[in-house]
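The values are calculated or read from the model by the stated rules, or taken from the named source; none is laboratory data. Just so it is clear, the structure is predicted and the values come from calculations on it, not from any experiment. Backbone-built Cβ (ideal geometry, glycine too); neighbour counts: all protein chains shown.
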Amino acid sequence: MRIYGLDFTSVPGRRKPLIVLCCTLEGDSLRVEDSQTLIDFGGFEDFLQRPGPWVCGMDFPFGQPRSLVSALGWPESWEGYVREVGALSKQEFEGKIRADMALRPAGSKWRYRLADRRSGSSSAMMLFRVPVGKMFYQGAPRLLASGVRVEPCRRNGDGRVAVEAYPAVVARRFLGRTAYKRDGVPDTAERRSARETLLRGLESAVLRDAYGFAVEMDARWREGFVSDPSAEALDSLLCAVQAAWAYENRDERYGVPSECDPDEGWILDPALLAE
């Protein structure tokens with residue numbers, strides 16, 4: 001099965017592109033085979049039109065908290081409110097998020113999805129620091145327009161399947177809260193060592209026990225993942241791990257628990273199944 005991982009950004013370009021990592025899942029092995037660099041959203045749109053079957057883990061929130069959707073008077077369904085968001089300018093979308101925050105008490109400005117709370121991620125509304133709200137604005141309407149199956153938001157039977165991923169959940173299994181990346185600053189021996197530890201974990205029986213497979217890569221890929229302080233391609237690999245696990249659980253709702261609100265979206269990872 002073709003498995004992709006995609007580390008997303010809200011402003012792709014040559015200095016910070018979208019990295020698509022291409023893998024094959026066969027038996028109990030997820031083999032790293034190729035990568036592609038996308039420097040704009042046109043490239044992302046073209047990628048989504050690749051013939052299936054494939055599953056791609058993408059590192060951005062596919063949905064927004066149900067309470068935010070209700071508060072803003074958007075349509076209840078994922079397709080309905082994402083279509084409405086897609087009709088807004090970037091400034092209009094961000095203005096609506098900020099207006100909702102302004103009405104909420106100090107300490108409770110952000111609303112959270114169940115997936116955000118279980119994974120320890122930022123609110124899907126966040127517009128700064130890690131601007132996942134901006135990623136949602138750029139990514140979700142393009143998923144809607146592409147016609148791909150979006151788990152669990154749009155189960156339309158398409159052979160191209162997009163699943164929401166969050167690399168930190170996989171990384172924490174092997175590193176805890178130890179940092180393994182940082183943009184725009186010189187690398188450190190500690191972060192490089194953490195990337196080496198993470199890669200050993202991905203190739204180990206520990207991953208196989210938790211996800212049903214281990215990662216297979218040659219020395220060229222391993223050195224590339226270790227040497228990049230931004231860890232963008234490594235994060236794409238972690239997204240591919242989550243996508244492969246979702247595919248392995250395709251007969252069980254791709255690993256989406258029954259308590260999930262499908263219109264909010266869900267991060268696909270076994271660690272989020274038990275609270």
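Key figures for this structure:
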| item | result |
| --- | --- |
| Matching strands (runs of 3 or more DSSP E) fully within region 1-62 where at least 1 residues are among the polar types (S, T, N, Q) and surrounded by 14 or more Cβ atoms within 10 Å (Cβ to Cβ) | 18-26, 29-38 |
| Total residues in region 114-137, condition in a helix (DSSP H, G or I) and crowded, with 18+ Cβ neighbours inside 10 Å | 11 |
| Yes/no for residue 238 being touching a Pro at 6+ places or on another chain (Cβ under 8 Å), in contact (Cβ under 8 Å) with a residue 60 or more places away in the chain and either among the small types (Gly, Ala, Ser) or farther than 17 Å from residue 29 by Cα (or both) | no |
| Subset tally (residues that are of a type in the set (Val, Ile, Thr), crowded, with 21+ Cβ neighbours inside 10 Å and out of contact with any strand residue (DSSP E or B) (no Cβ under 6 Å at 6 or more places or on another chain)) for region 159-186 | 2 |
| Tabulated pairs, region 246-275, first under 18 Å from residue 54 (Cβ atoms), second surrounded by fewer than 22 Cβ atoms within 10 Å (Cβ to Cβ) and at pLDDT below 95, C-beta under 9 angstrom, 6+ apart or interchain | 255/273 |
| When residues of region 142-158 are limited to those that are in a helix (DSSP H, G or I) and within 15 Å of the chain's Cα centre (by Cα), the one surrounded by the fewest Cβ atoms within 10 Å (Cβ to Cβ) | 142 |
| Pick from region 86-109, criterion basic (Lys, Arg) and within 25 Å of the chain's Cα centre (by Cα), ranking: surrounded by the most Cβ atoms within 10 Å (Cβ to Cβ) | 96 |
| Within region 161-189, tally of residues that are modelled with pLDDT under 95, under 30 Å from residue 48 (Cα atoms) and either among the aromatic types (Phe, Trp, Tyr) or out of contact with any Asp or Glu (no Cβ under 9 Å at 6 or more places or on another chain) (or both) | 2 |
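Here's the yes/no breakdown for (1) out of contact with any Ser or Thr (no Cβ under 7 Å at 6 or more places or on another chain); (2) hydrophobic (A, V, I, L, M, F, W, C); (3) without any contact (Cβ under 8 Å) to a residue 60 or more places away in the chain:
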position: 56; (1), (2), (3): yes, yes, no
position: 68; (1), (2), (3): yes, yes, yes
position: 113; (1), (2), (3): yes, no, no
position: 118; (1), (2), (3): yes, no, no
